[in-house]
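The values are calculated or read from the model by the stated rules, or taken from the named source; none is laboratory data. Everything numeric here is computed off the predicted structure, so don't read it as measured data. Reconstructed Cβ throughout: ideal geometry from the backbone, glycine too, with neighbour counts over all protein chains shown. Quick note on the areas: whole protein, heavy atoms, side chains included, nothing else; ligands and nucleic acids left out. Shrake-Rupley method; radii C 1.70, N 1.55, O 1.52, S 1.80 Å.
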Amino acid sequence: MAINLVDPSGLPKIDVYRQVSIATGSKLVFIAGQVAWDAEGITVGEGDLTAQVEQCYLNIGTALAEAGGSFDDVAKLTFYVVDWTPDKMPPLLEGISRASAKLGITPVPPATLLGVAALDVPDHLVEIEATAILD
């Protein structure tokens, strides 16, 4: 595996992510921000953050597979969430959990989560982008 996730001593341990991602592979993959569109470009889960996170996460999985990788190769996930407030964390984590269960993987939470005013389409509540390292 080309990714080692660690929490160095001297930095706080935070349950939902690791402080450092050490990549040792040779193929760098940047996955454009994925929104809650299905394969036909139809928004999934209008008004439902959990459903949209799930679809975005599944889209990241599809993109990783196309590149020859998986979530094991992810060095960083960045989430952009419209009108972020801390009370949105449980539905966000539930969307990750549901997608992870469908994919049969251990959930990979965001390394960075940013609140934004809006995304490209008013119905989109979240966008996720990924950076992966493959051997």
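At most 14 other Cβ atoms within 10 Å plus a DSSP loop assignment makes a site exposed; report the longest stretch of the chain without any exposed GluC sites (Glu not before Pro). Free of exposed loop sites, the longest segment is 47-135. Highest GNM mean-square fluctuation, the chain, Cα pairs closer than 10 Å: which of Gly33, Gly41, Gly61? Its mean-square fluctuation being the largest, the pick is Gly41.
Angle of helix 89-103 to the longest C-alpha principal axis of the chain, folded into 0 to 90 degrees and rounded to 10: 70°.
Which percent of the accessible heavy-atom area of the chain goes to carbon and sulfur, probe 1.4 angstrom?
Numbers: 3920 of 7210 Å².
After summing per-atom areas, the C and S share lands at 54 percent.
Shape of the stretch 41-135 from its Cα gyration tensor (a ≥ b ≥ c, root eigenvalues): rounded if a/c is under 1.5, otherwise prolate when a/b > b/c, or oblate? Prolate shape, in that a/c is at least 1.5 and a/b is the bigger ratio.
Taking 8 Å as the Cα distance limit and 6 or more residues as the minimum spacing, I'd like the relative contact order of the chain as a percentage. All intermediate terms of the calculation are to be shown ahead of the outcome.
Working: 269 pairs, mean separation 50.5, N = 135.
Value for the chain: 37 percent.
Spin-label pair Ile22-Ala65: with each label point 7 Å from Cα along the Cα-Cβ axis, the two points sit 3.2 nm from one another. When the surface is traced with a 1.4 Å probe over the full set of protein chains, Asp87 keeps roughly 110 Å² accessible.
For the stretch 83-135, compute Rg over Rh where Rg is the Cα radius of gyration and Rh is the Kirkwood radius from the inverse mean 1/r over Cα pairs. Mind showing how you got there, number by number?
Values: Rg = 12.8 Å, Rh = 12.9 Å.
A ratio of 0.99.
Structural descriptor for the stretch 1-60: relative contact order 25 percent, calculated from alpha carbon pairs under 8 angstrom and at least 6 residues apart. In the stretch 6-82, Rg over Rh equals 1.03, where Rg is the alpha-carbon radius of gyration and Rh the Kirkwood radius from pairwise Cα distances. Listed peptides 10-16, 106-112 appear in the order 106-112, 10-16 once ranked by packing, highest mean of other Cβ atoms within 10 Å at the front.
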